[in-house]
Structures are given as structure tokens and as C-alpha cells.
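Participant: Submitted below is the structure of interest, expressed as C-alpha cells.
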Amino acid sequence: MSALHPGVHVLSCPTRWSDVDENGHINNARLVGYIQEGIYDLFCHHATAVRESLFPSGFIIARHEIDYLEQLHHRPEPLSVRLTVERIGRSSAHVEVNVCREPLTFMRARTVVVARDRESGRSRKLSQSERRFLSAFVSDPAVGRVPDPTRRDTVVAVAQPVAPAQRTAARSGAGVGASRGSRRRVRASVG
């Protein structure tokens, strides 16, 4: 957890010149890599996860839902990859990941991370220790959160109005989902 952001796992992540595409900004596929690095850091390298041998068989990424909010350019200052847990299910955690460099958030993702059973390769029930660990990163449900009527049994953060300059969404080669207003959602599964 971060002293500046209690209840949030923060990974400092540099950009690399090799991440820049022909348009002069960090490639969208590389941005997905930052999400995965943040999740891996939380689930596998966090001191508590290591000390208590949590997620011994690893985990599976079941879903990414990504909003590209701003173009990201290579600079020497590292990015902050900030993770909070939106919801803990029987075998999964719904994680919100924000890729930021103050004062901007470049990308927001919602990712479903599923605990894995080593022998079957399928999902397994989260242990009480894993649930306790993940609950330390659950965002406050009393502040700015409402049920999403389009999803069963989930809760999502209430979106703040987006300035016109932020409404331009980048497309990824992974595919583009249905648009909502002028924002587009990109969905990609990574295993």
C-alpha cells in the first residue's frame, strides 16, 4: 500500500523508448502490459502475498475492460500503476487499475483476476487468507459507488464527466466493444 494512497497498491513503472509507436505515443498493447505488471506485482510480489504464500498456483486473467483516456508519451518520470479491488467473488477479484503520471490518468482498466487450481488449470475458491489480503485494497463502497444495472451482482465506480479533450479514445488491435456516447471500450483477454 502507498502512504500517499491508503488502500491502494502502487507500482512505479518506467516507460521505455521501445514502447513508442509510429504515432509518437506509447503503444496501446504496451499499456496492457503495465496493467499486467501491476496485477502481478500485487498478487505475487506484495510482502504479505509472499510471506503468507498466497495464490500458490497463480491466477488467470479472465477479462480486461480498458478505457484509454489520454495519449501517453515517453518521459523519464515513471508511471504510477494504481490498483484497488472493486469486488471479491467466490474465486475472483475485480481489480481497477489506473495508469497515471500526475496530474493525468492515461488509462483505466477493470480486470477480473481468477484464482487458479494447479492440477485442473481451472478456477478455485479463494482462501480466507487471500480474501483478507484482497479486502485491504477494497475501495470504500460508501463513496461514489452505485450498482450497475447492466451487470449481475457487481458494483462499479460512478464516472465523473469527461472533458472533451479526454473523450478521444485510442483503438487497439485487440478489438473494439460497443461505444457509449463518444467513449469506446476495448476488451482483450490475456492468459
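Participant: Using a probe radius of 1.4 Å on heavy atoms only, what accessible surface per residue do you get for the stretch 55-94? Whole Å² is fine.
Facilitator: Computed with neighbouring chains in place, this is 40 Å² per residue.
Participant: Can you work out the Karplus-derived ³J(HN,Hα) for every residue in the stretch 23-38? Use 6.51 cos²θ - 1.76 cosθ + 1.60 with θ = phi - 60°, whole Hz, and x for glycine or proline.
Facilitator: 8, x, 10, 5, 5, 4, 5, 5, 4, 4, x, 5, 4, 5, 4, x
Participant: Show me the ranking of peptides 87-95, 123-131, 49-57 by mean Cβ neighbours inside 10 Å, starting with the highest.
Facilitator: 87-95, 123-131, 49-57
Participant: Given the protein chains as shown and a 1.4 Å probe, how many square angstrom of H45 are accessible, to the nearest 10?
Facilitator: Estimated to the nearest 10 Å², H45 gives 110 Å².
Participant: Shifting gears a bit: Accessible area of the stretch 1-131 with a 1.4 Å probe: how many percent of it is carbon plus sulfur?
Facilitator: Of all accessible area on the stretch 1-131, carbon and sulfur atoms account for 50 percent.
Participant: Okay, moving on. Probe radius 1.4 Å, ligands and nucleic acids left out: which of C44, C100 has the largest accessible area, and how do the rest follow?
Facilitator: My answer, sorted largest first, is C44, C100.
The values are calculated or read from the model by the stated rules, or taken from the named source; none is laboratory data. Bear in mind the structure is a predicted one, so any value in this text is a computation, not a measurement. Neighbour counts run over all protein chains shown; Cβ positions are idealised from the backbone, glycine included. For accessibility, only protein heavy atoms count, side chains too; no ligands or nucleic acids. Shrake-Rupley method; radii C 1.70, N 1.55, O 1.52, S 1.80 Å.
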